[in-house]
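Shown next, in structure tokens, is the structure this report addresses.
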Amino acid sequence: MNIDLSINTELARTILVGFIKSEVTRSGFTRAVIGLSGGIDSALSCVLAVQALGRENVLAVRMPYQSSSPDSLSHAELLIEQLEIPSKTIEITSMVEPLFALDPKITKLRKGNIMARERMIVLYDQSEVFKGLVIGTGNKTEILLGYSTQFGDAASAMNPIGDLYKTQVRQLSRAMDIPSPILDKAPSADLWDGQTDEGELGFTYEQVDQLLFLLVDQRYSPEECVEAGFDDKFVDVVVRRIRRNQFKRMQPPIAKLSNRTIGYDFLYLRDWGT
């Protein structure tokens, strides 16, 4: 089954630029901070933020680890130069290595989570220095699959691309003239040598996006997805990931004791006070 995930890129651009401008200004800010990894997701969020707020109001922060690919830095620099935006490079090696050293048996996964969270510590610190809100860079595919680190790369004040599947991120990025080296390389969190998103997940973004579209947007049951032509084991793996990672998509639940509990009965809009 071939599912068309094409979007109207100009309409999407207009909506997302307006979203960033509205959310930043209603919070009382005029600036934004983005962790620029050299990958396509952060590049797209950065370009959208620049169009919303102006190039002088967006700070790009590169946060390499000692084993990070040199391409990550150079690709991020391509975008920084193209957009002519302020930037900083803050290496996290000396920040995370002491924690790694506490456990000789530390796993790659634990190291990756620590690095992701350390980068967010750096980013939020720079947001205070620059007086700008942190812009999210996670796409819809990653969010649904839980392919992110809670309070790490999943953290942000707002996320302009969280309703775009990875294949749609690619479409919009091409339309917005993001440099081709960023568009063409294999998606990777760059947490260790040779790591790729699709290698870790066990399937391609193109494959899973079509299945997720049926499951989420079209409300197909798993059985209906199998009837539509998807392998039953593939469907089962994806459904399990969506369910297992629901906690990552929620604010921490608060135990209810009073008549007005935050998140349950106290539900004023973000712009309530404006």
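The values are calculated or read from the model by the stated rules, or taken from the named source; none is laboratory data. Just so you know, these numbers come straight off a predicted model, no measurement behind them. Glycine gets a Cβ as well: all are built from the backbone with ideal geometry, and neighbour counts include every protein chain shown. For the accessible areas, the whole protein counts, side chains as well, though only heavy atoms, and no ligand, DNA or RNA atoms are used. Shrake-Rupley method; radii C 1.70, N 1.55, O 1.52, S 1.80 Å.
When only the Cβ of Lys, Arg, Asp and Glu is charged (+1, +1, -1, -1), the dipole of the chain relative to its Cα centre reaches about 1000 debye. Once Rg and the Kirkwood radius are both taken over the C-alpha atoms of segment 125-180, their ratio Rg/Rh works out to 1.03. Total lysine pairs in the chain at Cα distances under 20 Å, for residues eight or more apart or on different chains: 8.
Rounded to the nearest Hz, the phi-derived 3J(HN,Hα) couplings of segment 241-254 under the Karplus curve 6.51 cos²θ - 1.76 cosθ + 1.60 (θ = phi - 60°) are 5, 4, 5, 5, 9, 4, 4, 6, 9, 10, 5, x, x, 10, where x marks glycine and proline.
If you look at the Cα atoms of segment 21-115, you get an Rg and a Dmax of 15.8, 47 Å. Charges were assigned to the Cβ only: +1 to each Lys and Arg, -1 to each Asp and Glu. The resulting dipole of segment 108-152 about its Cα centre is roughly 220 debye. Each peptide in 99-109, 238-248, 30-40 gets a packing score, the mean of other Cβ atoms within 10 Å over its residues, and the list from highest to lowest is 30-40, 238-248, 99-109. For segment 10-149, carbon and sulfur atoms together expose 58% of the accessible surface, with a 1.4 angstrom probe and every protein chain in place. Put a dot 7 Å past the Cα of Arg244, heading toward its Cβ, do the same for Leu267, and the two dots end up 3.1 nm apart.
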